[in-house]
Amino acid sequence: MDPLRNPYAPGAGTPPPELSGRHDLLEQTRIALGRIRLRRHAKSFIAVGLRGVGKTVLLREAVRLARADGFQVCFIEAHEHKRLAELLVPSLRAVLLDLDRLGRLSADVKRGLRVLKSFLSSIKLTYGDAELALDIDPEPGVADTGDLDIDLADLLSAVGRAAAARDSQIVVIVDELQYLNARDFGSLIMAMHRCVQEQLPVLLIAAGLPHLVGLAGQAKSYAERMFDFPELGALSRTDSDRALLAPAQAQDVDITPEALGEIYETTRGYPYFLQEWAYHAWNCADGSVIDRADVVAAAKKVERQLDASFFRVRFDRLTHREKTYLRAMASLRGPSVTASEIAFVLGTKTQSLAPMRGGLITKGMIYAPNRGGTAFTVPMFDDYLRRAMPDWVPPTAKGDPVSKSEVAI
Ligand SMILES: Nc1ncnc2c1ncn2[C@@H]1O[C@H](COP(=O)(O)OP(=O)(O)OP(=O)(O)O)[C@@H](O)[C@H]1O
Ligand SMILES: [Mg+2]
């Protein structure tokens with residue numbers, strides 16, 4: 001079919017033609033925003049899920065809803081090599097300058113700008129002076145201790161007050177939250193805690209990989225009471241069918257039940273893969289119906305393309321030892337495997353692999369779905385590893401203690 005009319009949108013953060021199966025979380029977002037607007041308490045939330053389930057898409061939708069509700073939005077994407085302060089300052093500065101422009105002189109808004117100036121002087125940032133120039137004096141004794149826990153709480157509280165003075169609200173939206181280091185994460189939680197205690201109109205909506213729940217608890221023990229951690233997962237069969245059918249039918253194209261079933265079975269309902277499969281099946285189809293044969297014809301193309309890009313970029317970020325570790329994990333074929341099972345396959349001790357496991361969690365490649373368990377954060381990465389390293393043989397299979405046939409590879 002005409003690729004120009006292809007409605008599907010495989011990508012990163014690309015809004016899907018039909019945002020399916022997220023009704024409850026969007027409703028939760030609407031209610032939280034609405035309550036903050038009414039100056040009532042609303043729980044901030046951190047959505048967690050594997051790669052490609054639609055976290056960024058959801059956050060983008062939250063931005064849209066918040067803007068429509070008159071919120072000031074501070075959107076950042078956490079980064080392994082960037083400090084939280086570095087990421088937050090430009091957008092908090094923009095928010096404050098915007099609030100300043102919004103009406104007549106406001107003491108709270110001017111104070112917000114002075115507190116930001118204090119914050120800038122205490123936290124050494126790597127910006128050029130011109131980029132963050134603020135033609136105002138600092139607020140002595142506020143946000144200037146050099147301790148991020150205190151200074152960020154001072155700053156966010158001052159920004160919240162400035163927003164309240166303008167009858168506005170702030171939503172801080174953070175994507176890839178798991179990349180914040182423990183210190184920065186702790187400071188962010190403390191700053192939100194302060195805003196809650198002072199009943200300021202500030203909400204945090206964030207998203208990241210599943211191990212964030214544990215990280216939040218480690219950073220501050222009260223985090224689990226402050227935030228909800230809704231899980232974003234694969235779509236149900238019904239939601240998957242809707243995600244695929246609605247965009248097609250909007251263009252008078254149909255998809256047979258067999259084709260829908262085939263896509264669901266292959267993709268297991270993971271949103272990113274659904275978009276990829278549907279996109280290629282559309283291009284393979286003739287006429288105005290996508291049938292199972294089109295999906296089967298598309299499958300090889302999709303697999304080749306994913307191997308060359310989506311999976312490959314992640315694979316290339318790994319060291320040789322990390323690849324071996326993950327390949328051993330893939331050989332166990334479980335949704336979740338234990339560290340000792342992996343160590344057994346590699347013929348070594350669990351403890352000696354602990355730093356590697358920790359490093360792979362930090363890199364966002366694996367997570368612990370339960371105590372002692374290990375699973376991939378990228379759906380179907382295990383299948384890919386078996387394709388990418390077909391000749392790999394576990395060390396235990398080479399020697400005596402376990403015969404090759406006893407370890408599935
Ligand atoms: N609810 C949904 N229904 C259909 N498609 C969706 C849905 N949510 C996301 N998608 C599609 O899935 C793909 C991945 O979405 P997104 O980038 O938001 O995932 P993510 O969870 O942020 O992934 P990552 O962890 O890699 O950043 C996009 O192509 C998007 O269009
Ligand atoms: Mg994302």
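The values are calculated or read from the model by the stated rules, or taken from the named source; none is laboratory data. Quantities reported herein were computed from a predicted structural model and do not represent experimental measurements. With ideal geometry, Cβ positions are generated from the backbone for all residues, glycine too; neighbour counts draw on all protein chains shown.
Summed over the range 322-350, residues that are part of a helix (DSSP H, G or I) and more than 22 Å from residue 51 (Cβ to Cβ) total 6.
Contact map, the range 47-62: first residue under 17 Å from residue 204 (Cα atoms) and more than 6 Å from ligand 1 (Cβ to nearest atom), second residue among the polar types (S, T, N, Q) and at pLDDT 95 or above, Cβ cut-off under 9 Å, separation 6 or more or different chains; pairs are 58/29; 61/29; 62/29. Checking each residue in the range 112-143 for being at pLDDT 80 or above, more than 13 Å from residue 155 (Cβ to Cβ) and either hydrophobic (A, V, I, L, M, F, W, C) or under 30 Å from the mean Cα position of the chain (by Cα) (or both) picks out only 136.
Considering the range 37-73 alone, what residues qualify as being among the hydrophobic types (A, V, I, L, M, F, W, C) and within 10 Å of ligand 2 (Cβ to nearest atom)? 53, 57, 58, 59, listed by residue number. Checked against (1) closer than 23 Å to residue 51 by Cα; (2) touching a residue at least 60 places away in the same chain (Cβ under 8 Å); (3) within 16 Å of ligand 1 (Cβ to nearest atom), residue 266 passes all but condition (2). Among the criteria (1) among the aromatic types (Phe, Trp, Tyr); (2) out of contact with any strand residue (DSSP E or B) (no Cβ under 9 Å at 6 or more places or on another chain); (3) away from ligand 1 (no atom under 14 Å from the Cβ), the one residue 8 does not fulfil is (3). Listed by position, the helices (runs of 4 or more DSSP H) inside the range 133-228 whose residues that are more than 21 Å from residue 93 (Cα to Cα), free of Cβ contacts under 8 Å to residues at least 24 places away in the same chain and more than 16 Å from ligand 1 (Cβ to nearest atom) number at least 1 are 182-197, 212-219, 223-226. Go through the residues of the range 326-336 one by one and say whether even a single one is touching a Gly at 6+ places or on another chain (Cβ under 6 Å) and at pLDDT below 95. Checked the range 326-336: at least one residue is touching a Gly at 6+ places or on another chain (Cβ under 6 Å) and at pLDDT below 95.
For first residues located in the range 291-317 and polar (S, T, N, Q), partners that are surrounded by 18 or more Cβ atoms within 10 Å (Cβ to Cβ) and assigned to a helix (DSSP H, G or I) and lie 6+ apart or on another chain with Cβ distances below 9 Å form the pairs 305/276; 305/280.
Restricting the range 63-79 to residues that are within 14 Å of ligand 1 (Cβ to nearest atom) and part of a loop (DSSP other than H, G, I, E, B), the residue that is surrounded by the most Cβ atoms within 10 Å (Cβ to Cβ) is 78. The condition of being within 16 Å of ligand 2 (Cβ to nearest atom) and under 27 Å from residue 121 (Cα atoms) holds for only one of 175, 154, that being 175.
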